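Below: one structure, written as structure tokens.
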Amino acid sequence: MKNISLPEINHFLAALTVIVCFLPFSIIWRRRLFFFKPYLLVSIFWAINGIVYFPEIFNWGWYAKTSEYITYGYNLLETCQIILIFYFIFQKIIFKYLIFLFVLFEVIIIIYTQGYRESTDNIIIGTGSFISLILNIGAIIQYILKFEPSNSEHALTFLYVGFIFYFMQFMIIFEYNYLQKSNSALPYLNTINYLSICIAISIISFGMIKFPVSHGK
């Protein structure tokens, strides 16, 4: 019996990840949640991830440079998108200020590093992932401390838990994948990354299914 190699497993997981990344869009389409902006933004967040990972299924070498530009561009927007999701959920002006401050931070880092390069990207996504993790942990704490959460708030906890799971694993593999650039560890990091994305989206999607449709309008 032929043993399945790690690259073959990762190829399968990459294909599965791309499919799963479009699951939130499928759910908001079927449940008519397009007008609930947090879930619409969440769906866009994962769909872009699916588009970025799509070339890995076919090993498109010619697409590598284009994919790099797309990834760099999205890394600039990712944290702002997460903060915007929280703004639409909690409707607090502080999140608008936080978006402004993070954009200012990105501009300062780009100027300081004399252009957008790999080191710039590492600083931005590392800081952004940490902020996103703290926001989701804070939302869970707020939910726990609330006396009588609504059904929509119950459903949104799955969004926070899913993102906590995703950003926690990202912070763990960040050092090896972005800082140390360990080529030997890369296949294993890819496996962890693909699995964590699928698990995170599954958790978030469950919450989307449980979300009251009347609150999505």
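Couplings 3J(HN,Hα) of region 29-34, computed from phi: 6, 6, 9, 6, 9, 4 Hz, in residue order, whole Hz [Karplus 6.51 cos²θ - 1.76 cosθ + 1.60, θ = phi - 60°; x for Gly and Pro]. Identify, among Pro38, Asn122, Thr71, the residue whose Cα sits farthest towards the positive end of the charge dipole of region 6-216, taking +1 on the Cβ of Lys and Arg and -1 on the Cβ of Asp and Glu, with the dipole about the Cα centre. It is Pro38. Where the centre of each part is set by its Cα atoms, how far does region 131-166 sit from region 1-43, in angstrom? Cα centroid to Cα centroid, the span is 22 Å. Extension gain, Leu77-Ser5: 0.36 nm per intervening residue step, less the Cα-Cα distance, totals 22.4 nm.
Remark: the chain carries a charge dipole of roughly 660 debye about the Cα centre, counting +1 on each Lys and Arg Cβ and -1 on each Asp and Glu Cβ.
What's the FRET efficiency of Ile137 with Gln114 using the Cβ-Cβ distance as r and R₀ = 41 Å, to the nearest 0.05?
The computed FRET efficiency comes out at 0.75.
Rounded to the nearest 500, what is the 222 nm mean residue ellipticity of the chain from helices alone, with -39500 (n - 2.57) per DSSP H run of 4+ residues and division by all residues? It would help to have the intermediate numbers written out before the result.
Numbers: 8 runs with 169 residues, N = 217.
The helix-only estimate for the chain comes to -27000 deg cm²/dmol at 222 nm.
For the chain, calculate the relative contact order in percent as a whole number, restricting contacts to Cα pairs under 8 Å that are 6 or more residues apart. Numbers along the way, then the final one.
On the way: 215 pairs, mean separation 61.7, N = 217.
Answer for the chain is 28 percent.
Residue-wise HN-Hα couplings along region 38-45, as the Karplus relation 6.51 cos²θ - 1.76 cosθ + 1.60 with θ = phi - 60° gives them from phi, are x, 6, 5, 5, 4, 5, 5, 3 Hz; Gly and Pro carry x.
Note that the chain shows a convex hull volume over its alpha carbon atoms of 140 Å³ per residue. Measuring between alpha carbons in the structure, the pairs from Lys37/Lys96; Lys37/Lys146; Lys96/Lys210 lying more than 21 angstrom apart are Lys37/Lys146; Lys96/Lys210. In order along region 109-118, the Karplus-derived 3J(HN,Hα) couplings, from 6.51 cos²θ - 1.76 cosθ + 1.60 at θ = phi - 60°, round to 5, 5, 5, 5, 8, 6, x, 8, 9, 4 Hz, and Gly and Pro are given as x.
Just so you know, all these numbers are worked out from the coordinates, no wet-lab data involved. The model shown is predicted, which means the values in this text are computed figures rather than measured ones. Note: ideal-geometry Cβ built from the backbone for every residue, glycine included; neighbour counts use all protein chains shown.
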